[in-house]
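To start, the structure itself, in structure tokens.
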Protein chains: 4
Amino acid sequence: MKTFDRIVYGSLALFNEHGVNDMTTNHLAAHLGISPGLLYYHFRNKEDIIRSIFNLYEEHLNAGFQPYQDEKLDVALFIGYFDTMFETVWKFRFMYSNLTTILNRDQEISKRYKLTQQQALDRSSQILHKLKADGVLAIDSDRVTPLADTMRMIAGFWIDYKQTHSSSKHVTKAFLYEGLLRVLMLFRAHSTPEYCAMFTRLEQHYQQLMNSYATPDTDSESALMPI
Amino acid sequence: MKTFDRIVYGSLALFNEHGVNDMTTNHLAAHLGISPGLLYYHFRNKEDIIRSIFNLYEEHLNAGFQPYQDEKLDVALFIGYFDTMFETVWKFRFMYSNLTTILNRDQEISKRYKLTQQQALDRSSQILHKLKADGVLAIDSDRVTPLADTMRMIAGFWIDYKQTHSSSKHVTKAFLYEGLLRVLMLFRAHSTPEYCAMFTRLEQHYQQLMNSYATPDTDSESALMPI
Amino acid sequence: MKTFDRIVYGSLALFNEHGVNDMTTNHLAAHLGISPGLLYYHFRNKEDIIRSIFNLYEEHLNAGFQPYQDEKLDVALFIGYFDTMFETVWKFRFMYSNLTTILNRDQEISKRYKLTQQQALDRSSQILHKLKADGVLAIDSDRVTPLADTMRMIAGFWIDYKQTHSSSKHVTKAFLYEGLLRVLMLFRAHSTPEYCAMFTRLEQHYQQLMNSYATPDTDSESALMPI
Amino acid sequence: MKTFDRIVYGSLALFNEHGVNDMTTNHLAAHLGISPGLLYYHFRNKEDIIRSIFNLYEEHLNAGFQPYQDEKLDVALFIGYFDTMFETVWKFRFMYSNLTTILNRDQEISKRYKLTQQQALDRSSQILHKLKADGVLAIDSDRVTPLADTMRMIAGFWIDYKQTHSSSKHVTKAFLYEGLLRVLMLFRAHSTPEYCAMFTRLEQHYQQLMNSYATPDTDSESALMPI
DNA sequence: AATGAATGAGCATTCATTCAT
DNA sequence: AATGAATGAATGCTCATTCAT
């Protein structure tokens, strides 16, 4: 792998594990087995590294979150959305954990982040509107965007919340599926009677997945990479 | 006021405004009009100050969140809960914004925080169970705790979420009421048909309050202190 | 002596000896026997130290260069001016050696330096005009300021020039008196016939002083402090 | 042009514009459109580049400053000398601006510089002696070398002095002619009555040139290249 | 000749903490 | 209780120089 990419992906991993603040550029270089100078040969400064990671984040978000068109409206469709949602949050979880710090320190990222999030929210709202039109959701029109926003918030802060509110530090798939079930619960609470069963089935699907991964402390490090 | 308390309350205010990381102990002392030495006369270190703030947080949480007993089950009861909920989050908002940092740096606070949160969750669950028994909520028993947990999460991260996802940095009451409405939306989605009207009324109540405070950029600093 | 003053005077000495660029803040602290932190406790940054040295420079310049009033126009008067001129340049010689660097790096000092120099030039011109009126100098009015300016330039860059153009690095009094004689030569070349003898006498005075100090390489370090 | 020469001439231009300290070897390479490695293929280190520039400087100095022989002793002769003098200083102005730094960092250049300067001073003195013999200058024999030395100093530090003592940073021809006029003033002050008129005429010549270029802030970049 | 990735010692500066008074 | 000078390890970053290709 190119050094540039090694730095981007390595920093992403280290930021995820230790947080942006605790991961100094010298530590970063040491962990990557390179000199501090090389880091600054490829990137102007620490923020510049984060900006490159943010590029990946944007790609992920834009790629995985498009309104459905001709796809059949079934369990698989939802599974696709949910998996994408939590996978993205997981892969870039340092961003959510250190959001305030990151956005305060870099005006450019701040702008891009807000734009990206607005677009993601717009697309999510579209999807929910379509689900309402397709008879899946029973919900007032003016509640669609707030609902999408709440779901986004739950997905975004779930890892952070869970890590700070549970005894185990390690994040497992079981961990993530629990968050997913919360979003699902929101869906179910707003679903039409006809589709309630589908959401129940989805819940069972993820409940089973969650249980199958629920081997709390014996999880190896590699097992943490989810989905 | 005793110097000890001046430090505790002053630090709380300064942490809320500037964040734990940006507020150095020297700045803290300077803002409080005392010497750095005096800070360390009263507290062993920075974490020790946070621990004292945490004592206040615990009191607040325990005082304001008791299951209702003989009170009439009406709008006022809910308003009481909701106001307490968001007031607590507001008063100690630095804790939520810097939760990961704080808990990672201090094992003792980490343990106490988790215990406190567990107790708060237990009491919240009790309240929801009672609401179910009293015919307010239509919800499976095993969904009560997850619902309470989701509500807690929304309340806890709302300020953080809103500050990072909206263009205005200032936190206003309107700001907080919007979060409250989201929790209310969750209640409403799980309410029995009989009580749906009550939640709609509650929504109208907070919607009005929110609108009355919605004077975006003309808010003076003092107006920001909510509830 | 107060730490603040120790830093100011110590830095002045070290800047004079090693130059501003080669004298890092860490070296500065080490040479002064203090920690880097203490340096930054008393001064915001390196420029701030230079600014404090500049205060001394301004005092020196303003104190020693006032137009004469009731004083007798004799050899002693000139000796007073000349000694002040070269003493100032000697004491703050790092400023002249690193002038471009210093002024480029600090807008504030740049402004103050130019103002100070303009004032010094104005006062010098006044003195020369008075000397012309008193029958000492035979010179067109419009050449007075250029002459004063040339003298200033010679005095200002003499040490720098001499250090870079002679084999011995050490600056001795003999060294400085040679520069003084150059300024004197300028005076003499523009003097009236009546006063030519006085300038010759002044030259002899400084020539003798110069010779008495002319023991090139045996000068001890302390002997370098001139005038 | 050979890469070697491109580096030499390019570095000269960049050092003149930005100073030796601010022009890093990496910037140098970037500006020249070559790799840092190539720089170090042709030169051992930064000092080595300066040494090669110094070769050009020596050639310039030696070529342009030979005592006159059969030439007619007129205005044109002086114009030739003066123009050469200031042209050389201009073309290698970075050397004067950073003289202390350069000489301190490289013993070899230091020795060569001093030798070169001594030779130039000797030749200048010869010229002045000849001018005295030809009845142009009225000056004691033992003042000839000091006078030549003072002139050299004024020429050498003029740009530096002017840049640090005037508000405009840009160096224009008008700028340089002012310095030339100062040297001329020295000549005139030591001239015989017969030749005084000639120096006055020379002053008028340069005064006119200076005025013709005196368009302070509208000078385009290219107009800055003088003489 | 030429590239450009890589090095590592060094720089200005910060900040939680200590301690003599 | 209180001061405030003092510490020193650490931080983000720079730059002359090297070296495999």
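Values quoted throughout were computed directly from the atomic coordinates according to the rules given, and no laboratory measurement underlies them. Every value quoted in this text rests on a predicted model; they were computed, and no experiment measured them. With ideal geometry, Cβ positions are generated from the backbone for all residues, glycine too; neighbour counts draw on all protein chains shown.
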Helices (runs of 4 or more DSSP H) wholly inside the range B:3-89 containing at least 1 residues that are within 30 Å of B:Ile127 (Cα to Cα) and within 15 Å of DNA strand E (Cβ to nearest atom): B:46-64
Cβ-Cβ distance below 7 Å, separation of 6 or more or different chains: which pairs start in the range A:20-46 with a residue that is more than 14 Å from every other protein chain (Cβ to nearest Cβ) and end on one that is surrounded by 14 or more Cβ atoms within 10 Å (Cβ to Cβ) and of a type in the set (Gly, Ala, Ser)? A:Leu28/A:Ser11; A:His31/A:Gly10; A:Leu32/A:Gly10; A:Ser35/A:Ala29; A:Pro36/A:Ala29; A:Leu39/A:Ala29
Looking at (1) within 19 Å of B:Val183 (Cα to Cα); (2) more than 14 Å from chain A (Cβ to nearest Cβ), find the lone condition where B:Gln69 falls short. (1)
The correct count of residues that are in contact with a helix residue (DSSP H, G or I) (Cβ under 8 Å, 6 or more places away or on another chain) and more than 11 Å from DNA strand F (Cβ to nearest atom) in the range A:20-33 is 2
Take the range D:1-16 and flag every residue that is away from DNA strand F (no atom under 13 Å from the Cβ) and either away from every other protein chain (no Cβ under 13 Å) or exposed (fewer than 13 other Cβ atoms within 10 Å of the Cβ) (or both). D:Met1, D:Lys2, D:Thr3, D:Phe4, D:Asp5, D:Arg6, D:Val8, D:Tyr9, D:Gly10, D:Leu12, D:Ala13
Considering only residues of the range D:141-199 that are free of Cβ contacts under 8 Å to residues at least 24 places away in the same chain and among the small types (Gly, Ala, Ser), which is surrounded by the most Cβ atoms within 10 Å (Cβ to Cβ)? D:Ala189
Within the range D:174-206, the residues that are within 11 Å of another protein chain (Cβ to nearest Cβ) and of a type in the set (S, T, N, Q) are D:Ser191, D:Thr200
Within the range D:34-66, restricting to residues that are closer than 30 Å to D:Phe199 by Cα and exposed (fewer than 15 other Cβ atoms within 10 Å of the Cβ), the one that is farthest from DNA strand F (Cβ to nearest atom) is D:Gln66
Quick check: is even one residue across the range D:90-107 surrounded by fewer than 13 Cβ atoms within 10 Å (Cβ to Cβ) and within 16 Å of DNA strand F (Cβ to nearest atom)? yes
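Yes or no, residue by residue, for (1) under 18 Å from A:Val8 (Cα atoms); (2) over 16 Å from the mean Cα position of the chain (by Cα):
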site	(1), (2)
A:Glu59	yes, no
A:Ile79	no, no
A:Val89	yes, no
A:Leu131	no, yes
Scan the range D:136-161 for residues that are closer than 17 Å to C:Gly156 by Cα and among the hydroxyl-bearing types (Ser, Thr, Tyr) and jot them down. D:Thr150, D:Tyr161
If you take just the helices (runs of 4 or more DSSP H) that sit entirely in the range C:106-190, which of them hold at least 3 residues that are farther than 21 Å from C:Thr88 by Cβ? C:107-133, C:144-165
